[in-house]
1. State whether the residues of the range 168-180 include one that is buried (at least 22 other Cβ atoms within 10 Å of the Cβ) and away from the ligand (no atom under 16 Å from the Cβ).
2. Taking only the range 149-167 into account, find how many residues are more than 16 Å from the ligand (Cβ to nearest atom) and in contact (Cβ under 8 Å) with a residue 24 or more places away in the chain.
3. Considering only the range 156-209, how many residues are part of a loop (DSSP other than H, G, I, E, B) and closer than 18 Å to TYR82 by Cα?
4. Can you find, within the range 312-327, the residue that is nearest to the ligand (Cβ to nearest atom) among those that are crowded, with 19+ Cβ neighbours inside 10 Å and not in a loop (DSSP other than H, G, I, E, B)?
5. What about VAL92, is it under 21 Å from the mean Cα position of the chain (by Cα) and not charged (D, E, K, R)?
6. From VAL86, VAL63, which residue is surrounded by 14 or more Cβ atoms within 10 Å (Cβ to Cβ), under 25 Å from ILE202 (Cβ atoms) and in contact with a helix residue (DSSP H, G or I) (Cβ under 9 Å, 6 or more places away or on another chain)?
7. Could you check the range 12-126 for helices (runs of 4 or more DSSP H) lying wholly inside it with 3 or more residues that are within 16 Å of the ligand (Cβ to nearest atom) and closer than 30 Å to LEU376 by Cβ?
8. List the residue pairs whose Cβ atoms are under 6 Å apart, where the first residue sits in the range 349-367 and is at negative phi, the second is among the β-branched types (Val, Ile, Thr), and the two are 6 or more positions apart or on different chains.
Amino acid sequence: MSKLTGSKKATQFTESVIREMTRLNDLHGGVNLSQGFPDFPAPQLIKDVACQAIQDDINQYAVTWGARPLREAVAREFTRRYGLPVVADEQVTVCCGSTEAMMSTMMAVIDPGDEVVIFEPFYENYGPDAILSGATPRYVTLREPDWSFDPAELAAAFNNKTKAIILNTPNNPTGKVFRREELEMIAALCRKWDAIAISDEIYEHIFYDGHRHVPIATIEGMAERTVTINGLSKTYSVTGWRVGWTISPPSLTGAIRKVHDFLTVGAAAPLQEAGAAALGLPDQYYVDLAAKYQRLRDMLLGILERHHFTCYKPYGAYYIMTDISGFGVRDDVEFARVLVKEVGVAAVPGSSFYKDPARGRTKLRFCYCKREQTLLEADRRLGKLAAILPQPLRT
Ligand code: GLN
């Protein structure tokens, strides 16, 4: 057989469906409610600092594990907000987005054969992250409508081979915000089985209706076994800047930094300067951010329900998982294709969030990190849906 093929690893997963939906959307001139990135401007202050940093010739490599001002800002803010001491020099590593932070962490801590517990539905990157790092995934189901998990099922997923659990709270794609009692259950299992929590907290500041974000690192005994992953993308509406970070216990930092260094060397230096300024924004910024997303959530919920989608109300992050079985639809991917081509609205097929695609076949995810006028345009276009659906998708 020819050797001009991809590796075994690379053939085990497909291209990202989320990013493919954006490409399809652009092809058809749709309203993009698929890939979660804002279509409104980033805060002026941080744009100014980024421009100034380039003018000031901050144009060469930053320290591999992150420019000091940003690392110190990350440590300072985590401590100020959650009361947990973080030492920038020993615990913070800046990466090219939280995507790289997750990959570097997985590659740094996983050996082939190690098991990793993943809640399902999951953000699609975690599948390839597991394959590329050699992990054997063990899935635990979050069940709608409230996306709760069965404590017995979670406990049964842990064993001697469990190296880590991947957690994402506030959660993409479900909008679930893990409650303290749930995190305590997870933490107890991590302590019992000597496992690491890899906690993706990229939606840290986006929660609603009285829910609060609790970092699992703050639960008793977890600071020494948690890698917290975060970044500028969602909090400051700069998903294209690719600046993220890990906060790790000192025992794991060296491994993460080595992998990160040889993968990417470092994140963009001038944008790290802007990141330090961003983390200095006043608390009101975060209050306003959550309030704005709550308004957009309510608006998109209203729109989708009016167009006959069954919605699972999110309490955090900026996605709405919907059920499309009311349309008589059997194939989420086909439905999403028709939606973008014929209606002009892009969403993400539910199957991309499940190991077994069949489990997501009746689901579709919409994002609302968009201007009101963008959502209104989606509303207008969705008006066409009823006329289009009877064939070929309706049974
Ligand atoms: N988090 C975003 C989403 O789920 C996309 C992130 C990305 O494409 N890197 O849509």
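Read-outs: derived from the displayed coordinates by stated rules, not from any lab. Keep in mind it's a predicted model, so treat the numbers as computed, not measured. When we count neighbours, we look across all protein chains shown, and the Cβ atoms used for this are built from the backbone with ideal geometry, even at glycine.
1. To start, the set of residues in the range 168-180 that are buried (at least 22 other Cβ atoms within 10 Å of the Cβ) comprises 168-178.
From what's left, away from the ligand (no atom under 16 Å from the Cβ): 177-178.
There is at least one residue in the range 168-180 that is buried (at least 22 other Cβ atoms within 10 Å of the Cβ) and away from the ligand (no atom under 16 Å from the Cβ).
2. First, pick out the residues of the range 149-167 that are more than 16 Å from the ligand (Cβ to nearest atom): 149-165.
Next, from what is left, pick out any that are in contact (Cβ under 8 Å) with a residue 24 or more places away in the chain: 149, 151, 154-155, 157-165.
Selection size over the range 149-167: 13.
3. Going residue by residue through the range 156-209, those that are part of a loop (DSSP other than H, G, I, E, B) are 158-161, 169-179, 193-195, 201-206, 208-209.
From what's left, closer than 18 Å to TYR82 by Cα: 169-170, 177-179, 201-206.
Residues meeting the conditions: 11.
4. Residues of the range 312-327 crowded, with 19+ Cβ neighbours inside 10 Å: 312, 314-322, 324, 327.
Those still in the list that are not in a loop (DSSP other than H, G, I, E, B) too: 312, 316, 319-322, 327.
Details: TYR312: 16, GLY316: 13, TYR319: 7, ILE320: 12, MET321: 12, THR322: 15, PHE327: 23 Å.
The extreme case among them is TYR319.
5. On the way: under 21 Å from the mean Cα position of the chain (by Cα): yes; not charged (D, E, K, R): yes.
So VAL92 fits the description; yes.
6. Among VAL86, VAL63, only VAL86 is surrounded by 14 or more Cβ atoms within 10 Å (Cβ to Cβ), under 25 Å from ILE202 (Cβ atoms) and in contact with a helix residue (DSSP H, G or I) (Cβ under 9 Å, 6 or more places away or on another chain).
7. Counting at least 3 such residues, we get 17-28.
8. Correct list of pairs: PRO349/VAL333; SER352/VAL17; THR362/ILE324; LEU364/THR322; LEU364/ILE324; ARG365/VAL348; PHE366/ILE320.
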